[in-house]
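Everything below concerns the one structure shown next.
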Amino acid sequence: MLLQPRSLIIIKDEAYKVCLHGIEERETDIIHEKIFNRPSNLSIGTQLKRSTRVSLTIRNVPNINSSLMNRI
C-alpha cells in the first residue's frame, strides 16, 4: 500500500488483530506491481525518497482498579 504525504490510514478490528502491519525503515521505496493503489503517474520501478513521517497511535485502554496496580 502506498501512503502519500498527508495520508491517513486507520487499522482496526480484524485488520489490526490478524494482518501483519508495519512500516520498514528505509530511505527510498520502489514502486512495484503489488501496490494496489499505485497512482497512474508512477511507473513500476519508480523510486520515491522518504522524508520525515508522523505516526499517531490511539488505543482504547479500559480503566482498571488502582488496587490491582499495586499487585504488579
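What follows draws every value from the coordinates through simple rules; no lab data is involved. No experiment lies behind these values; they were computed from the predicted model shown. In this analysis, Cβ positions are derived from the backbone assuming ideal geometry, glycine residues included, and neighbour counts consider all displayed protein chains.
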Pick from region 5-21, criterion more than 19 Å from V54 (Cα to Cα) and among the aliphatic types (A, V, I, L, M), ranking: farthest from the chain's Cα centre (by Cα): V18
Residues of region 8-42 being farther than 30 Å from N60 by Cβ, in a loop (DSSP other than H, G, I, E, B) and not hydrophobic (A, V, I, L, M, F, W, C), in sequence order, are R26, E27, H32, E33, K34, R38, P39, S40, N41
